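Okay, structure first, notes after.
The values are calculated or read from the model by the stated rules, or taken from the named source; none is laboratory data. On a predicted model such as this, the values are computed, not experimentally measured, just so you know. When we count neighbours, we look across all protein chains shown, and the Cβ atoms used for this are built from the backbone with ideal geometry, even at glycine. These area figures cover heavy atoms from the full protein model, side chains too; ligands, DNA and RNA do not enter into them. Shrake-Rupley method; radii C 1.70, N 1.55, O 1.52, S 1.80 Å.
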Amino acid sequence: MNYIVFDLEWNQCPYGKDKENQRLPFEIIEIGAVKLNGKKEMTGEFHRLVRPMVYKKLHFKTEEILDMDMEQLKEGDFFYKAVRDFFSWCGKDYIFCTWGNMDLPELQRNMKYYHLLDLLKGPVKFYDAQKLFSITYEDGKSRKALEYGIDYLGMEKSKDFHHALADAYYTAEIFKRLDLTVAEDNFSIDSFQHPRCKEEELYVAYPYSEKYITREFPGKEEAMKDKEVAAGRCFLCRKNVRKKIRWFSLNPKTYCCVALCPRHGYLKGKVRIKKAENGKIYVIKTMKLIDRSEADDIRAKKELLQKKKRQKKQQITH
């Protein structure tokens, strides 16, 4: 098993969001990657500049951050060649690692635009080094910049940041210092290629939680009425358990509940509504073990939200 640690740089429409290509809001202009073997030893690197075909001018922020100009990019490979070369270099037995969760969906969005999505089957398991760094060294919730991680670990900064190969190298150096057990217990799933039917739905087991990625639904009302989505199930004993706090809306895209398993204790359910590119929606549902204190906090949050809704309704009626 190899670890492919990669980073992308991309450009966006320089003329404003209203003029962007909605199928490709971010066009990849650089791919950088390093390969680590099973012992986390660096065994190779990959780098390509990609010739822009959608946005022929650099956005001012892109030009400023990357210190790159269009003349350089015109010497790059076409995306279809660069990405084919990249996957050929990756080999067959590998898992991706990135800093954050943005690179994989943008890679697949660019691949889809050029009808190359068959090169990567999804949903994609990967290691998010940014998340793993937070779990290992901080509170597990914060998400810090790559340079912060390098500084935190006291590592030498021998390359300029915001270049794909350099950022892949720095990400690899941090990943090498992370415990693989922590990584495997907290791996991530990219759902850009989400399930389209019941047979493709995905259950992902973690030591203290479970993730369920559903098929598509016409809308969130249909999704929340689905028995499997609405169920409060203990992922350890595989039994439906009583909800102590029924599903309630935290915001238009997130729902929460609390269930109680007689054997394993309290579980927090969380549903995130995700919009598919075809206008339909799918759901990412997690069930996670929590303690009584967190269950009480969720109850207090629900009561506060209900109070605010009542107050808002009174203001409208008066």
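The rule of thumb for compact globular proteins, 2.2 N^0.38 Å, goes into the C-alpha radius of gyration of the range 125-231 1.38 times. Average accessible surface for the range 209-251: 55 Å² per residue, computed with a 1.4 Å probe over protein heavy atoms with every protein chain in place. Ligands, DNA and RNA left out, the 1.4 Å accessible surface of the range 114-266 is 48% carbon and sulfur atoms.
Entry comment: accessible area of the range 1-96 is 54 Å² per residue, from protein heavy atoms only and a probe of 1.4 Å. Amide H contacts under 5 Å for Leu250: Tyr255, Cys256, restricted to partners 5 or more places along the chain or on a different chain, H placed in the peptide plane at 1.01 Å from N.
The share of accessible area on the range 1-62 that comes from carbon and sulfur is 46 percent, using a 1.4 angstrom probe. Rounded to the nearest 20 debye, the dipole magnitude of the chain is 2700 debye, with +1 charges on Lys and Arg beta carbons, -1 on Asp and Glu beta carbons, and the Cα centre as origin.
Just checking the listed ones, Glu199, Glu216, Glu228: in the Gaussian network model of the chain with Cα springs under 10 Å, the one fluctuating most is Glu199. In order along the range 50-55, the phi-based Karplus estimate (6.51 cos²θ - 1.76 cosθ + 1.60, θ = phi - 60°) of 3J(HN,Hα) comes to 10, 6, x, 10, 9, 10 Hz; Gly and Pro are listed as x. Based on the Kirkwood approach, the hydrodynamic radius assigned to the range 269-318 is 13.8 Å, with every pair of different Cα atoms included. When the alpha carbon gyration tensor of the range 1-121 is reduced to an equivalent ellipsoid, the three semi-axes, largest first, read 26, 15, 13 Å. For the range 128-187, the convex hull spanned by the alpha carbon atoms encloses 76 Å³ per residue. For the range 143-187, the solvent-accessible area works out to 51 Å² per residue, with a probe of 1.4 Å and every protein chain left in place. Rg/Rh for the range 189-318 (Cα atoms only, Rh after Kirkwood) is 1.01. Note on the chain: GNM, Cα springs under 10 Å; of Gly91, Gly154, Gly76, the largest mean-square fluctuation is that of Gly154.
For the range 64-180, the equivalent ellipsoid built from the Cα gyration tensor has semi-axes of 26, 20, 12 Å, listed from largest to smallest. Dividing the Cα radius of gyration of the range 171-262 by its Kirkwood radius returns 1.03 for Rg/Rh.
Among beta bridges identified by DSSP and lying wholly in the chain, the antiparallel ones come to about 85 percent. Scanning residues 5 or more positions from His59 or on other chains, those with amide H under 5 Å from its amide H are Gln12, with H placed 1.01 Å from N in the peptide plane.
Largest first, the three principal axis extents of the alpha carbons in the chain are 60, 49, 39 Å in whole numbers.
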